[in-house]
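Comments concern the structure below.
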Amino acid sequence: MKFGVVVFPGSNCDRDLIHVLENVLKQEVVVLWHKEQRLSGFDLTDCIMLPGGFSYGDYLRPGAIARFSPIMSAVVEFAQSGGYVWGICNGFQILCEAGLLPGTLLRNTSQRFICKPVFIRPEHAESAFTHRLDVHRAYCIPIAHADGRYYADAPTLEAMKRNRQILFRYCTPEGVVSEAANPNGSLENIAGITNRAGNVLGMMPHPERAAEEFLGSTDGRWLFQSFIETVIDAGVDVTDDLLR
């Protein structure tokens with residue numbers, strides 16, 4: 001499987017992500033500069049990754065400028081054609097700004113930058129991104145953000161629930177979704193969502209920071225492996241097979 005990792009000015013998790021995909025998971029990786037205008041050589045079984053960081057210094061608001069980078073037109077076209085796109089932290093913010101995901105990310109209720117391990121639980125296994133995860137298990141994956149509070153209006157949230165677009169929620173180590181387990185005030189403990197078609201994922205926690213034992217958790221590796229194995233086994237029709 002091939003991954004394209006988009007690098008924006010201010011990205012600071014791109015090298016971590018490239019290392020995990022290339023050296024830990026043994027996947028092909030192509031580094032994509034934000035000024036590129038095409039995604040040459042990618043097909044619908046590949047995945048474009050938008051890493052975490054502070055693209056364009058988070059001026060205006062996180063992701064607001066990056067969504068206008070030349071490469072984003074190609075990313076939007078790729079996603080609308082059914083290709084996989086995965087945004088992590090700032091990548092999630094960019095996807096919302098670009099209209100590929102519903103809702104927005106607001107300032108944490110604490111009004112502070114939060115960097116710590118948290119637990120998330122997959123809501124269901126009917127997504128290519130979670131198909132091989134244990135929905136009864138909590139996964140320990142760190143967060144590092146100041147604007148991670150997910151919000152959507154009531155009609156949008158209800159539509160997301162009907163379409164099963166809520167993919168991860170913050171929870172306790174035992175897997176209980178509770179207010180106490182919500183690190184940033186996200187609506188209904190939402191930590192990750194997909195678009196309606198299920199081929200675009202945005203999440204605030206950083207699985208690339210929990211993919212090797214010396215980092216204190218390998219739970220993030222499970223997320224990548226679940227996705228890779230599902231797509232490789234099912235092929236290009238995996239989203240249709242699982243979600244429609």
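The values are calculated or read from the model by the stated rules, or taken from the named source; none is laboratory data. Bear in mind the structure is a predicted one, so any value in this text is a computation, not a measurement. Glycine also receives a Cβ, built like all others from the backbone with ideal geometry; neighbour counts cover every protein chain displayed.
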Over the stretch 154-180, the set of residues in contact (Cβ under 8 Å) with a residue 24 or more places away in the chain and over 26 Å from ALA128 (Cβ atoms) is THR172, PRO173, GLU174
Residue hits (the stretch 73-129; surrounded by fewer than 22 Cβ atoms within 10 Å (Cβ to Cβ), under 13 Å from VAL200 (Cβ atoms) and either over 15 Å from the mean Cα position of the chain (by Cα) or β-branched (Val, Ile, Thr) (or both)) are VAL76, GLU77, GLN80, SER81, GLY82
From the option list LEU21, LEU17, LEU25, single residue qualifying as over 15 Å from the mean Cα position of the chain (by Cα) and either surrounded by fewer than 21 Cβ atoms within 10 Å (Cβ to Cβ) or within 25 Å of ARG221 (Cβ to Cβ) (or both) is LEU25
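With respect to ILE143, determine if the residue is farther than 17 Å from ASN189 by Cα and at pLDDT 95 or above.
On the way: farther than 17 Å from ASN189 by Cα: no; at pLDDT 95 or above: yes.
Here the answer is no, as ILE143 does not meet what is asked.
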Residue hits (the stretch 192-215; more than 16 Å from PHE227 (Cα to Cα) and not in a loop (DSSP other than H, G, I, E, B)) are ARG209, GLU212, GLU213, PHE214, LEU215
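Could you please find all residues in the stretch 56-72 being over 16 Å from GLU36 (Cα atoms) and either surrounded by 20 or more Cβ atoms within 10 Å (Cβ to Cβ) or touching a Pro at 6+ places or on another chain (Cβ under 9 Å) (or both)?
If the condition is that a residue be over 16 Å from GLU36 (Cα atoms) and either surrounded by 20 or more Cβ atoms within 10 Å (Cβ to Cβ) or touching a Pro at 6+ places or on another chain (Cβ under 9 Å) (or both), then TYR56, GLY57, PRO62, GLY63 are the ones that fit.
Among the residues of the stretch 1-14, which ones are over 18 Å from ILE65 (Cβ atoms) and crowded, with 21+ Cβ neighbours inside 10 Å? If you could, list the steps in order and put the result at the bottom.
Restricting attention to the stretch 1-14, the residues satisfying the condition of being over 18 Å from ILE65 (Cβ atoms) are 1-5.
The answer is PHE3, GLY4, VAL5.
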Checked against (1) within 17 Å of CYS115 (Cα to Cα); (2) assigned to a helix (DSSP H, G or I); (3) of a type outside the set (Gly, Ala, Ser), PHE227 satisfies every condition except (1)
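Here's the yes/no breakdown for (1) crowded, with 19+ Cβ neighbours inside 10 Å; (2) among the basic types (Lys, Arg); (3) modelled with pLDDT under 95; (4) more than 23 Å from ALA79 (Cβ to Cβ):
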position	(1), (2), (3), (4)
PRO155	no, no, no, no
PHE168	yes, no, no, no
ALA191	yes, no, no, no
ALA197	no, no, no, no
VAL200	yes, no, no, no
ALA210	yes, no, no, yes
ASP241	no, no, yes, no
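Yes/no matrix, rows are residues, columns are (1) modelled with pLDDT under 95; (2) of a type in the set (Val, Ile, Thr):
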residue: VAL29; (1), (2): no, yes
residue: TRP33; (1), (2): no, no
residue: LEU60; (1), (2): yes, no
residue: ARG67; (1), (2): no, no
residue: VAL85; (1), (2): no, yes
residue: CYS89; (1), (2): no, no
residue: GLN93; (1), (2): no, no
residue: ALA98; (1), (2): no, no
residue: THR109; (1), (2): no, yes
Of the candidates SER127, SER110, the one satisfying the condition of being assigned to a loop (DSSP other than H, G, I, E, B), under 19 Å from ARG149 (Cβ atoms) and of a type in the set (Gly, Ala, Ser) is SER110
